[in-house]
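Student: Okay, handing you the structure first.
The values are calculated or read from the model by the stated rules, or taken from the named source; none is laboratory data. In this text the structure is predicted, and so the values were computed from the model without any measurement. Glycine gets a Cβ as well: all are built from the backbone with ideal geometry, and neighbour counts include every protein chain shown.
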Amino acid sequence: MKLPVFLLAALLPLGGALAQNAPFLDAARGPTPIPEATKPPLLRNAVNDDNRPRRNYSLQPPIIPHRVDGYQVTKDFNKCLDCHAREKTAFSQAVPVSATHYIDRNGKTLDRISTRRYFCQQCHVAQDPVQPLVGNAFKGAPGDLPPPSAAAAAAKP
């Protein structure tokens with residue numbers, strides 16, 4: 001049987017690793033070879049300090065600075081809006097949902113959150129105090145963010 005060239009090229013590194021009995025490793029799994037079962041990492045306490053960290057680039061969705069495990073978000077109910085809906089922030093002192101979340105795909109301003117922006121954790125994520133699995137040298141464009149002093153001044157009420 002003759003293998004296509006692209007398949008042969010893809011299998012070439014695999015054959016070399018098998019010949020040397022080298023384990024297949026993945027950074028997300030640590031030192032455990034891919035065919036072996038891993039022990040899941042211990043869950044730590046999520047970051048829950050309500051400090052708003054600086055964004056890495058201008059259009060980055062803000063991260064969630066508090067625990068959200070157990071929050072219910074379905075098509076009928078969104079726990080996040082108990083505090084972050086514009087009409088509830090005076091009482092909750094939470095950051096209100098951005099005005100952009102009230103605009104539908106046609107640019108019309110709605111009196112409720114747009115269905116395009118309703119499922120918060122599609123964009124906003126909670127943080128866990130863990131070490132990165134792989135290195136990251138991301139740097140935003142130099143003019144992407146205001147200087148730290150201007151960002152701090154803009155955040156103050």
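Student: Got a sec? Which of LEU42, LEU59 is without any contact (Cβ under 8 Å) to a residue 12 or more places away in the chain, closer than 27 Å to PHE138 by Cα and in a loop (DSSP other than H, G, I, E, B)?
Tutor: The match here is LEU59.
Student: Which is closer than 30 Å to PRO142 by Cβ and charged (D, E, K, R), of ARG52, ARG67, ARG116?
Tutor: One residue alone meets the criteria, ARG52.
Here's the yes/no breakdown for (1) within 20 Å of the chain's Cα centre (by Cα); (2) surrounded by fewer than 11 Cβ atoms within 10 Å (Cβ to Cβ):
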{"position": "LYS39", "(1), (2)": "no, yes"}
{"position": "SER58", "(1), (2)": "yes, no"}
{"position": "PRO61", "(1), (2)": "yes, no"}
{"position": "GLN72", "(1), (2)": "yes, yes"}
{"position": "PRO96", "(1), (2)": "yes, no"}
{"position": "ASN106", "(1), (2)": "no, yes"}
{"position": "LEU110", "(1), (2)": "no, no"}
{"position": "ILE113", "(1), (2)": "no, no"}
{"position": "VAL125", "(1), (2)": "yes, no"}
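Student: So which residues in region 115-139 are modelled with pLDDT under 90, within 24 Å of ARG67 (Cα to Cα) and among the polar types (S, T, N, Q), if there are any at all?
Tutor: Matches in region 115-139: GLN127, GLN131.
Student: Of all residues in region 13-26, which are modelled with pLDDT under 65 and surrounded by 10 or more Cβ atoms within 10 Å (Cβ to Cβ)?
Tutor: Answer for region 13-26, where residues must be modelled with pLDDT under 65 and surrounded by 10 or more Cβ atoms within 10 Å (Cβ to Cβ): LEU14, GLY15, GLY16, ALA17, LEU18.
Student: Kindly evaluate PRO53 against the criterion of being under 24 Å from GLN131 (Cα atoms), within 20 Å of the chain's Cα centre (by Cα), of a type outside the set (A, V, I, L, M, F, W, C) and modelled with pLDDT of 85 or more.
Tutor: Considered against the rule, which asks whether it is under 24 Å from GLN131 (Cα atoms), within 20 Å of the chain's Cα centre (by Cα), of a type outside the set (A, V, I, L, M, F, W, C) and modelled with pLDDT of 85 or more, PRO53 comes out as no.
Student: Looking only at region 27-37, which residues are within 16 Å of VAL130 (Cβ to Cβ) and exposed (fewer than 11 other Cβ atoms within 10 Å of the Cβ)?
Tutor: Listed by number, the residues that qualify are ALA27, ALA28.
Student: Still on this structure, I have one more. I need a count of the residues in region 78-93 that are without any contact (Cβ under 8 Å) to a residue 12 or more places away in the chain, part of a loop (DSSP other than H, G, I, E, B) and surrounded by 10 or more Cβ atoms within 10 Å (Cβ to Cβ).
Tutor: Number of matching residues: 1.
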